1. Cβ-Cβ below 6 Å, separation at least six or inter-chain, first residue in the range 51-75 and within 15 Å of residue 31 (Cβ to Cβ), second of a type in the set (S, T, N, Q) and open to solvent by less than 20 Å² (accessible area, probe 1.4 Å): which pairs?
2. Restricting to the range 32-66, give me the number of residues that are closer than 23 Å to residue 117 by Cα and assigned to a helix (DSSP H, G or I).
3. Considering only residues that are open to solvent by 10 Å² or more (accessible area, probe 1.4 Å) and in contact with a Lys or Arg (Cβ under 7 Å, 6 or more places away or on another chain), which ones fall in the range 330-358?
4. Considering only the range 108-129, I want to know if a residue exists there that is in a helix (DSSP H, G or I), buried (at least 20 other Cβ atoms within 10 Å of the Cβ) and among the charged types (D, E, K, R).
5. Looking only at the range 279-290, decide whether some residue is outside any strand (DSSP E or B), touching a residue at least 60 places away in the same chain (Cβ under 8 Å) and not β-branched (Val, Ile, Thr).
6. Of everything in the range 322-332 that's assigned to a strand (DSSP E or B) and in contact with a Phe, Trp or Tyr (Cβ under 7 Å, 6 or more places away or on another chain), which residue is nearest to the ligand (Cβ to nearest atom)?
7. Any idea how many residues of the range 67-106 are of a type outside the set (Ser, Thr, Tyr), outside any loop (DSSP other than H, G, I, E, B) and within 26 Å of the chain's Cα centre (by Cα)?
8. So, in the range 262-300, of the ones that are buried (at least 22 other Cβ atoms within 10 Å of the Cβ) and over 18 Å from the mean Cα position of the chain (by Cα), which residue ends up farthest from the ligand (Cβ to nearest atom)?
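The values are calculated or read from the model by the stated rules, or taken from the named source; none is laboratory data. Remember, predicted model here, so these are calculated numbers, not experimental data. Here the Cβ is made from the backbone with ideal geometry for all residues, glycine too, and neighbour counts use every protein chain on show. The protein model used for the area step is the full one, side chains on, heavy atoms only, and it has no ligands, DNA or RNA in it. Shrake-Rupley method; radii C 1.70, N 1.55, O 1.52, S 1.80 Å.
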Amino acid sequence: MSKTYQGRLEKLRTKMKLKNLDAALITKRVNYMYLSGFTGTSAILYITHDRAALITDFRYTQQAAAQAPDYEIVRYQGSVYDELNKLLESDNISELSFEDSDLTYSQYTDYTNKLSVRLVPLGRMAEELRIVKEDAELRLIKKSVDIADQVFSHILGFIRPGISELEIAAEIEHHMKRLGAQGPSFETIVASGRRASMPHGVASDKEVQAGDVITMDFGAIYEGYCSDITRTVFLGKPAGEMEKIYNIVLEANLLGLEAVQSGRSGKQIDAVVREFICKAGYGEYFGHGLGHGTGLEIHEDPTLSVRGDMILKDGMVVTVEPGIYLPDLGGVRIEDMVVADGMKARVLTASTKDMIVL
Ligand SMILES: [Mn+2]
């Protein structure tokens with residue numbers, strides 16, 4: 001029995017009790033990973049107050065038995081619904097809650113037609129459990145952030161005029177794997193010159209040239225956990241306004257890191273930085289939220305934005321990523337990851353934020 005997964009299961013069951021739910025079906029991969037330890041790409045968890053089963057097929061039964069010893073492993077051949085119906089029947093279940101934000105309409109229709117019970121929405125119960133990170137998770141996240149830091153310092157020695165954004169992105173992703181990452185946590189963004197005014201400009205075949213601003217936004221996945229970092233560097237001396245913007249964004253980033261305090265809402269933290277950038281005269285060029293939670297998913301709760309009603313608690317991990325984007329000129333974004341911890345969040349990202357001119 002593993003304490004980690006038993007503890008998480010018990011927390012889910014407590015929440016289920018509060019909503020009078022007898023059984024839950026967990027279909028979303030990051031959620032079954034979190035609740036069972038199984039990392040394969042195909043499984044369903046069936047959880048009641050006295051049973052925890054992992055249903056999978058021939059390809060994964062061995063892996064599931066090894067990774068999820070707290071679960072009864074049920075192998076299906078042919079129809080997964082038949083196995084589920086057997087479990088539901090033997091447990092006398094008449095109502096099954098399911099992850100309504102995970103299933104597609106056609107999957108939902110299949111479940112409805114093929115199961116012998118009524119389906120009710122579970123909501124985002126498993127996601128809620130994942131918001132505050134355990135110490136062991138924080139160690140894995142820190143390792144994932146360390147890999148991103150090492151990749152950043154490596155890529156500085158790789159960038160030179162004439163190399164394409166795609167080559168830079170390929171080197172970023174290749175190097176993180178060399179350092180033990182499973183892969184990138186999202187499609188690597190390398191946006192140079194005027195393209196840097198697109199906040200999410202994925203790498204293109206454009207070659208970087210002297211005078212370009214280069215924004216790189218990337219992250220690694222380590223043991224399932226995502227990191228996220230953005231740095232903006234200059235190839236040759238930047239044009240006057242870009243240097244000014246760099247300094248404003250840097251100040252905004254530092255202000256944001258200080259503003260991340262437990263007890264504040266995501267919206268309050270976002271407002272501190274938004275006001276600062278507005279006062280500097282660039283409010284209309286900071287069109288996205290200040291940050292987002294990160295964990296098994298690259299974007300998860302809480303959000304630091306105008307929609308951020310959630311109050312931050314110790315152990316929540318968020319990004320702080322202010323940016324200013326001037327159409328046809330370029331843009332600057334500086335992104336770090338932090339763990340909320342009382343009045344002073346712990347900054348995980350260690351890469352320098354001094355203006356770098358290559
Ligand atoms: Mn981010």
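1. Within 6 Å, the pairs are 54/36; 68/36; 71/36.
2. Residues of the range 32-66 that are closer than 23 Å to residue 117 by Cα, as a first pass: 32, 42-57.
Still in the list and also assigned to a helix (DSSP H, G or I): 32.
Of the residues in that region, 1 qualify.
3. Here is the first cut: in the range 330-358, the residues open to solvent by 10 Å² or more (accessible area, probe 1.4 Å) are 341-358.
Those that are open to solvent by 10 Å² or more (accessible area, probe 1.4 Å) and in contact with a Lys or Arg (Cβ under 7 Å, 6 or more places away or on another chain): 348, 351, 357.
4. First, the residues of the range 108-129 that are in a helix (DSSP H, G or I): 108-114, 125-129.
Checking the rest, the ones that are also buried (at least 20 other Cβ atoms within 10 Å of the Cβ) come to 125-127.
Still in the list and also among the charged types (D, E, K, R): 127.
Yes - at least one qualifying residue is present in the range 108-129.
5. Of the residues in the range 279-290, the ones outside any strand (DSSP E or B) are 279-290.
Retained after the next criterion (residues that are touching a residue at least 60 places away in the same chain (Cβ under 8 Å)): 287-288.
With the extra rule that they be not β-branched (Val, Ile, Thr), the set shrinks to 287-288.
Yes; the residues of the range 279-290 include at least one that is outside any strand (DSSP E or B), touching a residue at least 60 places away in the same chain (Cβ under 8 Å) and not β-branched (Val, Ile, Thr).
6. Going through the range 322-332, the residues assigned to a strand (DSSP E or B) turn out to be 323-326, 330-332.
Narrowing the set further to residues that are in contact with a Phe, Trp or Tyr (Cβ under 7 Å, 6 or more places away or on another chain) leaves 323-326, 331-332.
Details: 323: 10, 324: 16, 325: 15, 326: 20, 331: 14, 332: 15 Å.
Among residues in the range 322-332 that are assigned to a strand (DSSP E or B) and in contact with a Phe, Trp or Tyr (Cβ under 7 Å, 6 or more places away or on another chain), the one nearest to the ligand (Cβ to nearest atom) is 323.
7. Applying the first criterion (of a type outside the set (Ser, Thr, Tyr)) to the range 67-106 yields 67-70, 72-75, 77-78, 80, 82-89, 91-93, 95-96, 98-100, 102-103.
The next check asks that each one be outside any loop (DSSP other than H, G, I, E, B); those that pass are 67, 72-75, 80, 82-89, 95-96, 98.
Going one step further and asking which of them are within 26 Å of the chain's Cα centre (by Cα), we end up with 67, 98.
Final tally of qualifying residues: 2.
8. 277
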